[in-house]
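The values are calculated or read from the model by the stated rules, or taken from the named source; none is laboratory data. These numbers come from a predicted model, not from an experiment. Cβ placement follows ideal geometry from the backbone for every residue including glycine, while neighbour counts extend to all protein chains displayed.
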């Protein structure tokens, strides 16, 4: 903001008027002083011209003397008389002195005629006549400044005078005439007064015109400013000066246009408010409908999730119970296999004593056959349980797939809920938090499902290993049974086949140990599967709880949308 922005317009206009008047005054003063110099220069030229006229008069007499028309004395006398009678501008005159200097002729001071002027000075001490001689000797003519009494005034108070002198070399004269500076000053001051009067008149005229113009502009702008204030308050205005052709008229017409546009803007704003109110009502109705549809869909999905969670929990409990039963049966199988191992050891002992008693061998072989048949039955039962375990593992895989699908649906539901909460703004912040927790739980559930799936895959591999081991044990047991029958039918060949029987019995003992170890591994895997089933059951229960909480948050969110 410039310094001029601090002042009102009428002050600026007054300042411009005063500045213009000051410029006019300064220009007038400069012109006057320039005119004064010009006036003095004109007077100097005029004085030089009249002196040259007087010189031409004297030169006529000089020429007549040379031609012999007049004698020197007569020519000089008549020349002096002619010059003595010359006047210009009223009282201005000519005088003549020689180069001595000595006064030859002075029309107003005849007492100086013939007087030596070499010692004459003005009050300022200027040897004026000696200066005249010097000018003539140097240039033949020129101007000289000095003080000299003015005719008609006090002779004791000389004034400044400027004289032009020119030499008459034939007679040794110096003719001169001058102007008084106070005459020039008088003319200057007279003109100064005249111009001053004109300036005062112009000043008065400009000030008056400036005053009326300033008042007109100030009044018009004040009216426009007041109308703008009234218009800013929202009231109607009556604008004047519209018919003016200057900028104020343009501003007045622009203000009228602004008033019309503001009025139209108010009407448009009122119409927009009505439209916004109608749109808010329509949006509220639409949001209410969307909330109802959203609530119904979410409730249906939550119900499905809850049912799936309950089904998953029941399936997990069934799987855990089945794992418990399988574990008990596997423990029984371990005991039977241990018994079988002990019996095989007994058979080995009996084989060593086979050479002592064939009857004892026959009895022991019959008992061995019974035990082997019983072991085969147990192994077949263990094979059946292992197949059931494999089927349960497949069922667990299906349940895990169902849990994964449910977790993905919950994750998608949480994502949709987060989007709806973001669209709802402040009203959906709580719902967004719950949706985020549900999404995290779904992600955790999906991670747990992946871990369970990995455990089940490992359990399936172990089950296949168990089935293969049981097949091997079954094959070994059948071989033992065949060997036992061979021993029973070939007692006579006991001595030759005893070593082979002992070797086969040792292999059967090793197979029994392998079966026992495999069954222990299967039992450990079953325990892990049981723990995973328990974790799945817990996750299903947590999912059911979060579904209920999600149901409550959805209800609150929908209520907030409907409010």
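Things worth noting here:
- One residue alone among 218, 190 is in a helix (DSSP H, G or I), surrounded by fewer than 17 Cβ atoms within 10 Å (Cβ to Cβ) and in contact (Cβ under 8 Å) with a residue 24 or more places away in the chain, and that residue is 218.
- So residue 265, is it surrounded by fewer than 15 Cβ atoms within 10 Å (Cβ to Cβ), modelled with pLDDT of 85 or more and more than 30 Å from residue 105 (Cα to Cα): no
- Flag for residue 73 being at pLDDT 90 or above, surrounded by fewer than 12 Cβ atoms within 10 Å (Cβ to Cβ) and in a helix (DSSP H, G or I): yes
- Residue count for segment 238-286, restricted to those that are in contact with a helix residue (DSSP H, G or I) (Cβ under 9 Å, 6 or more places away or on another chain) and farther than 30 Å from residue 213 by Cβ: 2
- Taken over segment 221-243, the criterion of being assigned to a loop (DSSP other than H, G, I, E, B) and over 20 Å from residue 267 (Cα atoms) is satisfied by 239, 240, 241, 242, 243.
- Residue 87 farther than 17 Å from residue 183 by Cα and free of Cβ contacts under 8 Å to residues at least 24 places away in the same chain: no
- On inspection, residue 197 qualifies as in the same structural domain as residue 50 (by TED's automatic domain parsing) and within 30 Å of residue 28 (Cβ to Cβ).
- Meets criteria (surrounded by fewer than 11 Cβ atoms within 10 Å (Cβ to Cβ), modelled with pLDDT of 75 or more and within 30 Å of residue 210 (Cβ to Cβ)) for residue 18: no
- Within segment 39-63, if we keep just the residues that are touching a helix residue (DSSP H, G or I) at 6+ places or on another chain (Cβ under 6 Å) and over 23 Å from residue 182 (Cα atoms), the residue that is surrounded by the fewest Cβ atoms within 10 Å (Cβ to Cβ) turns out to be 57.
- Segment 101-129 - residue that is in a helix (DSSP H, G or I) and surrounded by 15 or more Cβ atoms within 10 Å (Cβ to Cβ) and, of those, nearest to the chain's Cα centre (by Cα): 128
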